[in-house]
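Peer 1: Take this structure first; my questions come after.
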Amino acid sequence: HAKQTGRKQWREFDPKFKQITDRQRQIEQDLKDAIQNEVITAWFQPQIDLKTGAVVSFEALVRWLHPHFGFISPPEIINAAQATNLSKALTGLIARNVCALLQELPSHDLAAATVALNISPREFAIYNVAEMLDDVTATYGVSRHSVEVEITEEAILDPDIAGEQLRQMETSGYRLALDDFGIGYSSLAYLISLNIGRLKIDRSIITNISASSVNQALVAAMVGFGRALDVEIVVEGVETSDDVRALEAMGCDVAQGFYYARPMPIDALMTWLQRASNPEQSDISQRVSA
Ligand code: C2E
Ligand code: MG
Ligand code: MG
Ligand code: MG
């Protein structure tokens, strides 16, 4: 050990570094049971049509309340899953949660609503995402047209890995949304070659939009672009009524953000939907229809 480089020694003896690796190791160790016992679940955030104020769709977001560490961030969960060969098990669990929500929606007059799940770029190289989704939707008897798959530009840019599966999903009837739009790569040609139904403009461009003329110009350009390609523009990270007014005026189609609702467990979402459809009962509904 005495012959090791200074850098390696630092890595070994810095207590902060050790803490991080212990945490990672613990999380990786606990992940399998957490998936199996469904301690990890999807929470859902509503998406609102800016013209009508109606709830039109939802995004599933992974949540894990760890008994020792508290809530683990989605990227940390995704990384742990990739490190332990549990990516398919994890996304499979989220997909089942998505289908379970879809089964509930008709009783809330939301039979036409869609539910989105996120697929990280590297997942396509690990297993066949399209086939996994086919299996889960078939088991639940859920229409593939009700399931939206959120991918990032990074996934599209690796066509060897994702290309075939994206096309397979497109042909099977899944909806495709391009997530985190506007902060990544600037090549847009793939939008024409793939049937992307929605562009989700990144939160960093949207939050507090009324205070940034640069961001307003960006969004205006994306709206024009979306119109030309017949792609819906979804804005995430909407936090204030000023944001809503500005984005609606710019012609954005759908909004998601803390202004309307935070991501919720399915039970809380059911209650929220009930209140939202009963205007006398809550201020949430006033926001949704405002
Ligand atoms: P994303 O797909 O862009 O998801 C939107 C993120 O913005 C979520 O963070 C959501 O909670 C947050 N958000 C929504 N509205 C607001 C708002 O008004 N203000 C602020 N400050 N934040 C808002 P979350 O759940 O922490 O997820 C972070 C990222 O982790 C996601 O970004 C997505 O890339 C990834 N992720 C989450 N769940 C999954 C999953 O099940 N699978 C995969 N592969 N990735 C996931
Ligand atoms: Mg997303
Ligand atoms: Mg996003
Ligand atoms: Mg994202």
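Peer 1: First measure r as the distance between the Cβ atoms of GLU239 and SER143, then evaluate 1/(1 + (r/R0)^6) with R0 = 25 Å and state the FRET efficiency to the nearest 0.05. Working shown, then result.
Peer 2: Working: r = 33 Å, r/R0 = 1.31.
Efficiency at R0 = 25 Å is approximately 0.15.
Peer 1: Now a separate question. Per DSSP helix of 4 or more residues, -39500 (n - 2.57); summed, then divided by the residues of the chain. What does that give at 222 nm, rounded to the nearest 500? Mind dumping the intermediate values first?
Peer 2: On the way: 14 runs with 139 residues, N = 290.
The helix-only estimate for the chain comes to -14000 deg cm²/dmol at 222 nm.
Peer 1: Within the chain, what is the number of lysine pairs with alpha carbons under 25 Å apart, leaving out pairs fewer than eight places apart on the same chain? List each step's numbers first, then the result.
Peer 2: Working: LYS3/LYS16; LYS3/LYS18; LYS8/LYS16; LYS8/LYS18; LYS18/LYS32; LYS32/LYS88; LYS51/LYS200; LYS88/LYS200.
Close lysine pairs under the 25 Å cut-off: 8.
Peer 1: If I ignore ligands, DNA and RNA and count only protein heavy atoms, how much of TYR260 is accessible to a 1.4 Å probe, in Å² to the nearest 10?
Peer 2: So the heavy atoms of TYR260 present about 10 Å² to solvent.
Peer 1: While we're looking at this one, here's another question. Using the basic label-point model (7 angstrom from Cα toward the beta carbon), what is the ARG167 to GLN36 distance in nanometres?
Peer 2: Here the answer is 3.9 nm between the modelled labels.
Peer 1: With both bridge residues required to lie in the chain, what share of the DSSP beta bridges run antiparallel, to the nearest 5%? Numbers along the way, then the final one.
Peer 2: Values: 15 of 36 bridges.
Of all bridge pairs located within the chain, approximately 40 percent are antiparallel.
Peer 1: For the range 111-237, build the charge dipole from Cβ charges (+1 Lys, Arg; -1 Asp, Glu) around the Cα centre, then report which of SER143, SER213, THR171 sits farthest towards its positive end.
Peer 2: After comparing all options, I get SER213.
Peer 1: Another question about this same structure. Over the range 108-174, what is the relative contact order in percent, taking alpha-carbon pairs closer than 8 angstrom and at least six residues apart?
Peer 2: Numbers: 61 pairs, mean separation 29.2, N = 67.
About 44 percent, as a whole number.
Peer 1: What does the extension gain come out to for SER107 and ASN278, with contour length at 0.36 nm per residue minus their alpha carbon separation? Could you put the intermediate results ahead of the total?
Peer 2: Working: separation 171, 0.36 × 171 = 61.56 nm, distance 1.43 nm.
Result for the pair: 60.1 nm of gain on full extension.
Peer 1: Hey, another quick one. Got a sec? Charge dipole of the chain, +1 on Cβ for Lys and Arg, -1 for Asp and Glu; which of THR114, GLN36, PRO159 is way out at the positive end?
Peer 2: GLN36
Peer 1: Related question: Report the calculated FRET efficiency for GLU248 and ALA189 (r = Cβ-Cβ distance, R0 = 35 Å), to the nearest 0.05. Please report the intermediate quantities before stating the final value.
Peer 2: Working: r = 30 Å, r/R0 = 0.85.
Given R0 = 35 Å and the Cβ-Cβ separation, E is 0.75.
Peer 1: Return one number: the angle in degrees, 0 to 90 and rounded to the nearest 10, between the long axis of the Cα atoms of helix 213-229 and the longest principal axis of the Cα atoms of the chain.
Peer 2: Roughly 70 degrees between the two axes.
Peer 1: To the nearest 10 Å², what's LEU50's accessible area with a 1.4 Å probe?
Peer 2: LEU50 has an accessible surface of roughly 10 Å² with all protein chains in place.
Peer 1: Measuring from a point 7 Å past the Cα of THR84 along Cα-to-C-beta, which residues in the range 26-68 have an amide N at less than 15 Å?
Peer 2: Inside the label zone: 26-41, 63-68.
Peer 1: When DSSP beta bridges are limited to those with both residues in the range 69-208, what percentage is antiparallel, rounded to the nearest 5? Mind dumping the intermediate values first?
Peer 2: On the way: 0 of 11 bridges.
The antiparallel fraction comes to roughly 0 percent.
The values are calculated or read from the model by the stated rules, or taken from the named source; none is laboratory data. Quick caveat: nothing in here was measured; it's all calculated off a predicted structure. Every residue, glycine as well, gets a Cβ built from its backbone with ideal geometry; the counts of neighbours run over all protein chains shown. For the accessible areas, the whole protein counts, side chains as well, though only heavy atoms, and no ligand, DNA or RNA atoms are used. Shrake-Rupley method; radii C 1.70, N 1.55, O 1.52, S 1.80 Å.
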